[in-house]
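The structure under discussion appears below in the form of structure tokens.
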Amino acid sequence: MSASVSVVIAVWDDYVELLGDCVESVLAQDGIEVDVVVVDNASTRPLPPLPDGVRVVASDSRLSAGSARNLGLEQVRTPLVLFLDADDALLPGALAQLAELAAVNPRAVAAVGKHLLWNPTNGREAIVERSPRPPVYRLARHPRLLAAVTLRFDCYPLVGCALIRAASAREAGGFGDASLAEDWALRSALAFRGHIAFTVAPVVRVRVREGSLWHRAHSRAELEAMYAEFREARRSDPRLPWWGRLLLGPIARAHRHDAHRLTAAGAFRPADEGLIG
């Protein structure tokens with residue numbers, strides 16, 4: 001059977017020690033043939049030995065998380081792709097479940113599940129009920145409305161959770177060149193290119209640890225830059241309709257309010273469902 005799904009995993013430095021378990025979770029998927037692409041993002045630590053068939057593409061210099069994933073996207077030969085962080089692991093049957101969801105929704109550009117947060121230190125797990133929030137499932141029946149909402153809110157998960165049509169990911173411009181909310185621009189761009197199909201089932205176990213790219217303190221300036229980079233990426237998208245461009249003005253004011261609200265008491269720390277500490 002030829003591979004029908006690619007999984008792209010970017011890795012560098014301390015993440016290298018977790019790569020083996022991540023790759024194993026992909027190769028253990030039943031009912032689907034997988035092409036694994038590992039992006040060595042100029043790691044200061046050597047990659048571990050990897051199973052035969054795993055392809056490695058190396059960057060000569062350190063890239064942002066988004067650009068590292070885009071380097072992997074360039075190597076994808078299959079119609080469907082999933083991006084997975086090296087410190088996370090797919091749950092059993094995840095790829096087959098998402099591939100079936102994509103097959104029964106041929107107009108969908110992505111099939112999206114939920115993530116299960118996991119702290120390996122204490123073994124605690126938690127499903128994030130707000131990712132996506134329950135209204136998103138209803139909004140998905142109205143693609144234009146969901147697309148509009150993605151301009152205002154980062155409202156559904158992507159990395160580790162979404163099986164994406166590779167052609168749509170490329171046409172959307174891939175990930176942003178950043179290491180914070182770099183997937184938001186792609187999420188929104190995909191929503192403007194077709195349906196997003198959802199399942200309420202968790203498909204990936206996401207490692208929660210202090211100091212990771214997301215689970216760390218974020219300053220007001222960092223959040224404001226994140227919002228601005230997102231809006232600029234959307235503004236440059238030729239598929240963004242006129243009404244979407246009109247919305248970006250008032251949305252910018254809302255984003256500035258969000259940054260001030262989230263950092264009113266100091267640096268913003270993302271919710272971890274009580275798994276850290």
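The values are calculated or read from the model by the stated rules, or taken from the named source; none is laboratory data. Small disclaimer: the values here were computed from a predicted structure and weren't measured. Glycine gets a Cβ as well: all are built from the backbone with ideal geometry, and neighbour counts include every protein chain shown.
Within the range 103-123, none of the residues are more than 19 Å from ILE9 (Cβ to Cβ), of a type outside the set (S, T, N, Q), assigned to a loop (DSSP other than H, G, I, E, B) and in contact with a Leu (Cβ under 9 Å, 6 or more places away or on another chain). Between PHE192, PHE268, the distinction of being modelled with pLDDT of 95 or more and touching a helix residue (DSSP H, G or I) at 6+ places or on another chain (Cβ under 7 Å) belongs to PHE192 only.
For VAL5, the stated conditions do not hold, so it cannot be described as surrounded by fewer than 19 Cβ atoms within 10 Å (Cβ to Cβ) and within 22 Å of THR199 (Cα to Cα).
Just to be sure, is VAL81 within 22 Å of ILE196 (Cα to Cα), touching a Ser or Thr at 6+ places or on another chain (Cβ under 9 Å), at pLDDT 95 or above and part of a strand (DSSP E or B)?
Details: within 22 Å of ILE196 (Cα to Cα): yes; touching a Ser or Thr at 6+ places or on another chain (Cβ under 9 Å): yes; at pLDDT 95 or above: yes; part of a strand (DSSP E or B): yes.
It is true that VAL81 is within 22 Å of ILE196 (Cα to Cα), touching a Ser or Thr at 6+ places or on another chain (Cβ under 9 Å), at pLDDT 95 or above and part of a strand (DSSP E or B).
Give the residues of the range 1-53 that are aliphatic (A, V, I, L, M) and part of a strand (DSSP E or B), sorted by residue number.
If we filter the range 1-53 for residues that are aliphatic (A, V, I, L, M), which is where we start, we get 1, 3, 5, 7-11, 16, 18-19, 23, 26-28, 32, 34, 36-39, 42, 47, 50.
Listed by number, the residues that qualify are VAL5, VAL7, VAL8, ILE9, ALA10, VAL11, VAL34, VAL36, VAL37, VAL38, VAL39.
Residues in the range 124-142 that are closer than 11 Å to ALA197 by Cβ and part of a helix (DSSP H, G or I): TYR137 only.
Collect the residues in the range 58-74 that are crowded, with 16+ Cβ neighbours inside 10 Å and either part of a helix (DSSP H, G or I) or of a type outside the set (Ser, Thr, Tyr) (or both), keeping them in residue-number order.
Applying the first criterion (crowded, with 16+ Cβ neighbours inside 10 Å) to the range 58-74 yields 59, 63-73.
Selection gives LEU63, ALA65, GLY66, SER67, ALA68, ARG69, ASN70, LEU71, GLY72, LEU73.
Counting only residues that are in contact with a strand residue (DSSP E or B) (Cβ under 9 Å, 6 or more places away or on another chain) and not aliphatic (A, V, I, L, M), the range 151-170 holds 6 of them.
Taking ALA189, is it part of a helix (DSSP H, G or I), among the aliphatic types (A, V, I, L, M) and either touching a residue at least 40 places away in the same chain (Cβ under 8 Å) or more than 21 Å from LEU145 (Cα to Cα) (or both)? For ALA189, the condition - part of a helix (DSSP H, G or I), among the aliphatic types (A, V, I, L, M) and either touching a residue at least 40 places away in the same chain (Cβ under 8 Å) or more than 21 Å from LEU145 (Cα to Cα) (or both) - is met.
Between VAL204, VAL200, which is under 14 Å from the mean Cα position of the chain (by Cα) and either at pLDDT below 90 or not in a loop (DSSP other than H, G, I, E, B) (or both)? Lay out the reasoning, then the answer.
Numbers: VAL200 fails: under 14 Å from the mean Cα position of the chain (by Cα).
Within the list VAL204, VAL200, the selection yields VAL204.
Going by the structure shown, is LEU91 over 15 Å from the mean Cα position of the chain (by Cα), within 30 Å of LEU50 (Cα to Cα) and modelled with pLDDT of 95 or more? Taking the combined requirement at face value, the residue satisfies it.
Name the pairs: first residue in the range 74-98 and over 24 Å from ASN119 (Cβ atoms), second residue buried (at least 24 other Cβ atoms within 10 Å of the Cβ) and acidic (Asp, Glu), Cβ to Cβ under 6 Å, at least 6 apart or on different chains? Listed by first residue and then by second, the contacts come to nothing, as the list is empty.
For (1) outside any loop (DSSP other than H, G, I, E, B); (2) among the aliphatic types (A, V, I, L, M); (3) at pLDDT 95 or above, each residue gets a yes or a no:
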residue: GLY211; (1), (2), (3): no, no, no
residue: GLU229; (1), (2), (3): yes, no, no
residue: LEU247; (1), (2), (3): yes, yes, yes
residue: HIS260; (1), (2), (3): yes, no, yes
residue: GLY277; (1), (2), (3): no, no, no
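Criterion applied to GLU182, GLU171 was being crowded, with 21+ Cβ neighbours inside 10 Å and either among the acidic types (Asp, Glu) or free of Cβ contacts under 8 Å to residues at least 40 places away in the same chain (or both), and the one residue passing it is GLU182. When you scan the range 127-140, do you find a residue that is touching a residue at least 60 places away in the same chain (Cβ under 8 Å), among the aliphatic types (A, V, I, L, M), surrounded by fewer than 19 Cβ atoms within 10 Å (Cβ to Cβ) and more than 24 Å from ASN70 (Cα to Cα), even just one? Looking for residues that are touching a residue at least 60 places away in the same chain (Cβ under 8 Å), among the aliphatic types (A, V, I, L, M), surrounded by fewer than 19 Cβ atoms within 10 Å (Cβ to Cβ) and more than 24 Å from ASN70 (Cα to Cα), one finds at least one in the range 127-140, hence yes.
Can you tell me which residues in the range 128-177 are of a type in the set (Val, Ile, Thr) and either under 15 Å from ALA189 (Cβ atoms) or in contact with a Phe, Trp or Tyr (Cβ under 7 Å, 6 or more places away or on another chain) (or both)? Give the derivation first.
First pass over the range 128-177, keeping only residues of a type in the set (Val, Ile, Thr): 128, 136, 149-150, 159, 164.
Correct list: VAL136, VAL149, THR150, VAL159, ILE164.
Going by what's in this entry, would TRP243 be described as outside any loop (DSSP other than H, G, I, E, B) and either modelled with pLDDT of 95 or more or not β-branched (Val, Ile, Thr) (or both)? Taking the combined requirement at face value, the residue satisfies it.
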